[in-house]
Amino acid sequence: MEGPVYYYERKLGEQETEIKSLTAEIELLRNFAFVGNSPNLEALREENAKLKYRLNILRKSLEEEKNKSVKSMININSQLQDIFGRAINAAFPELENAPLAVTPNQQPKFGDYQCNSAMSLTQVVVDFSSPNIAKEMHVGHLRSTIIGDSICRLFEFVGHEVLRINHLGDWGTQFGMLIAHLQDKFPNYLTVSPPIGDLQSFYKESKKRFDEDEEFKKRAYFCVVQLQSKQPDIMRAWNLICDVSRKEFQKIYDCLDIRIIDRGESYYQDKMIQVVKEFEEKGLVELDEGRKVVFPPGCTVPLTIVKSDGGFTYDTSDLAALKQRLVEEKADIIIYVVDSGQGGHLQNVYAAGQMIGWYDPKVTRVEHAGFGVVLGEDKKKFKTRSGDTVRLIDLLEEGLKRSMDKLKEKERDKVLTPEELIAAQKSVAFGCIKYADLSHNRMNDYIFSFDKMLDDRGNTAAYLLYAYTRIRSIARLANISEEALHKAAQETEVSLQHEKEWKLGKCILRFPEILQKILDDLLLHILCDYLYELATTFTEFYDNCYCVEKDRQTGNVVKINMGRMLLSDATAAVMAKGFEILDIKPVQRM
């Protein structure tokens, strides 16, 4: 088929022939004492230079297409993307990087696919995890952290720039009592770093004094005033407390492989003044018993932006954060991964942002990705036997212990090296904890059970990891290298004749469409369901269609069906990309 490169090469050749002819003609004329160049020749040379430049771009583009990684998997609607992309560029030449979205049509009578390019997706802000300084991360932070990270990975996977924000609770009245307690317990804290590794106990001690000692309470309030005025010694104490907390949080994030940028409530303190001023200047503030409140349209509960004592509130900081993300970060999408109980509050904040004109919901997507709570196997809130909230670090350590027990039960410690065994332990433990959460509809509560999540039967990470390892081992057992598979992918025609081949092939091709759906509704369990379906569909295929035929007596490979090997490789590649989004780490051997 004649493509654009062939067209330009042919035209270039024709023009080079004409240039040679004109050059010869000029030389002939010069021999007869004529001087000067032909205007026609100069025009041709200029056009020729442009053609060569265009040809080089096309050749480079073709080379990049050939060298694309599996991550840019060719899918069933890629040609439509190309067609619509050219059409949009022709209609709106002034737009750079015009948005392009081609998706399956939900109503077949109107066609198989539709193009939705009304909204530009350039930068995503995702607000997730958000623990409080001086308090330990507990099981309640698990869902926000896991769901938020996977949403970030999804948007990053499809090519968007994502700002991962950890909205820390690092400001407020509680810091007055913490600083006052620090001053009493470690009076030399300005010169000697205080050993306050156990912040949970430190917090409980200061809270007890705050509740029982009126003199201490007064000092605590005074420390708050000093903190708000940024008195140097008080700021030093505040930073010490924050640093200890961040180090503890980072241990959790390192275990779960979470990348996140800390941006606490303190970051927005100066911006809150401007937010209040803006609402006042636009006549949107009402006084209510000394408080300054805002009534967003359609909301029955007002937002309190200034307390009666003149202080700011969570409402004020959330409004300041929203404005900063819209105005300074210029975000096209803002996603708040916060428990469903905060839904009403967030809707008030969004409505206020629209009312004051910070954003238009038809242009900018501001969305709450809410989620239910984690329940114990008794279907009550997940707590320890003593009734305390489960510490997240304890839960992760328990997962590691149970994962190792499971691997030893399967005698994997006898076939894996010590390094491989540790890698498998972490992969199974953290992968299973994440998958158990993500495989449930985030809107619902879910029951936390180590026994169920470590089960290698059914829709679990353990099953998928074993399935993936088994699929990857097929090429190794057949002595087919990665290079040979890549070469075969370029040269071998995959013929889908058996019904199980067709079923697997169609399932593989649905992967991009699954991702598009999740981008729309942020329900990651759809990806988990798809990966489980893909794994079970592969099992049906493998049981009915041989990939490698061996001699029953010698065990030697006698025949390889390369087309089916490529189907196996494609299945593993799609699973690996799904794992990448869910942050499940497969290992070579399990």
Note, segment 474-479: 3J(HN,Hα) by Karplus (6.51, -1.76, 1.60, θ = phi - 60°), whole Hz, Gly/Pro = x, goes 4, 5, 5, 5, 8, 6
Per-residue ³J(HN,Hα) for segment 244-252, Karplus 6.51 cos²θ - 1.76 cosθ + 1.60, θ = phi - 60°, Hz, x for Gly and Pro: 4, 4, 4, 5, 5, 4, 5, 4, 5
Spin-label pair Glu411/Arg552, simplified geometry with 7 Å Cα→Cβ offset, distance in nm: 2.6 nm
Going through Lys247/Lys414; Lys410/Lys434; Lys292/Lys383; Lys251/Lys381; Lys185/Lys380 one by one, the pairs whose alpha carbons sit over 28 Å apart turn out to be Lys247/Lys414; Lys292/Lys383; Lys185/Lys380
Rounded to the nearest 0.05, FRET efficiency between Thr300 and Lys185 (Cβ-Cβ, R0 41 Å) equals 0.35
Aspartates and glutamates whose Cα lies under 18 Å from that of Lys408, excluding same-chain neighbours fewer than 8 positions away: Glu397, Glu398, Glu419, Glu420, Asp451, Asp455, Asp456
Please give the FRET efficiency for Asp529 paired with Lys230, using the beta carbon to beta carbon distance and R0 = 51 Å, rounded to the nearest 0.05. 0.50
Please list Trp502, Trp171 from largest to smallest accessible area, probe radius 1.4 Å, with all protein chains kept in place. Trp502, Trp171
List the aspartates and glutamates whose Cα sits under 20 Å from the Cα of Lys307, skipping any in the same chain fewer than 8 residues away. Asp170, Glu265, Asp270, Glu278, Glu280, Glu281, Glu286, Asp288, Glu289, Asp315, Asp318
Counting only residues 5 or more places away or on other chains, whose amide H sits under 5 Å from the amide H of Val366 once H atoms are built in the peptide plane? Ile334
Extension gain (nm, one decimal) between Lys559 and Asp243, 0.36 nm per residue minus Cα-Cα: 107.6 nm
What is the spin-label model distance, in nm, from Lys506 to Leu163 if the labels are put 7 Å beyond Cα along the C-beta direction? 4.4 nm
Where Lys and Arg each count +1 and Asp and Glu each count -1, what net charge lies around Arg291 among other residues with Cβ under 14 Å from its Cβ? -4
Pull out the extension gain between Glu286 and Thr173, defined as 0.36 nm times the separation in residues minus the alpha carbon to alpha carbon distance; nm, one decimal. 38.2 nm
Are any of the pairs Lys406/Lys506; Lys204/Lys271; Lys204/Lys230 more than 29 Å apart by Cα-Cα distance, and if so, which? Lys406/Lys506; Lys204/Lys271
How many nm separate the modelled label positions at Asp309 and Asp388, each set 7 Å beyond the Cα in the direction of the Cβ? 3.0 nm
Just to confirm, what accessible area per residue do you get for segment 519-590 at 1.4 Å probe, in whole Å²? 43 Å²
Pick out, from Ile165, Pro195, Ile179, the residue whose Cα sits farthest towards the positive end of the charge dipole of segment 160-216, with +1 on the Cβ of Lys and Arg and -1 on the Cβ of Asp and Glu. Ile165
Which one of Leu485, Ser495, His525 has its Cα pushed farthest toward the positive end of the charge dipole of segment 448-590, where Lys and Arg give +1 and Asp and Glu give -1 at the Cβ? Leu485
Partner aspartates and glutamates whose C-alpha sits under 14 Å from that of Lys217, ignoring same-chain residues fewer than 8 away, are Asp184, Glu205
Förster radius 56 Å - calculated FRET efficiency between Arg470 and Ser201, Cβ distance, rounded to 0.05: 0.75
Segment 393-409 - phi-based ³J(HN,Hα) in whole Hz, Karplus 6.51/-1.76/1.60, Gly and Pro as x: 5, 5, 5, 5, 5, 5, x, 5, 4, 5, 5, 5, 4, 5, 5, 5, 4
Taking amide H positions as placed in the peptide plane 1.01 Å from N, state which residues far from Gln123 in sequence (5 or more) or on other chains have amide H under 5 Å from it. Asp332, Ile333
Under 17 Å from a label point 7 Å along Cα→Cβ of Met443: give me every residue in segment 328-346 with its amide N that close. 336-344
Sorted by chain and then number, the residues having a modelled amide H within less than 5 Å of the amide H of Leu524, at least 5 places away or on another chain, are Arg442
Rounded to whole Å, give me the distance from the Cα center of segment 239-298 to that of segment 306-347. 7 Å
How big is the dipole moment of segment 446-523 about its Cα centre under a simple scheme where the beta carbon of each Lys and Arg is +1, that of each Asp and Glu is -1, and everything else is neutral? Debye, nearest 20, please. 200 debye
Charges only on Cβ, +1 for Lys and Arg, -1 for Asp and Glu: so what's the dipole of segment 389-537 about the Cα centre, in debye to the nearest 20? 220 debye
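The values are calculated or read from the model by the stated rules, or taken from the named source; none is laboratory data. Remember, predicted model here, so these are calculated numbers, not experimental data. All Cβ positions, even for glycine, are placed from backbone atoms using ideal geometry, and neighbour counts span all protein chains on display. Please note that ligands, DNA and RNA were not included when accessible areas were found on the heavy atoms of the full protein model with its side chains. Shrake-Rupley method; radii C 1.70, N 1.55, O 1.52, S 1.80 Å.
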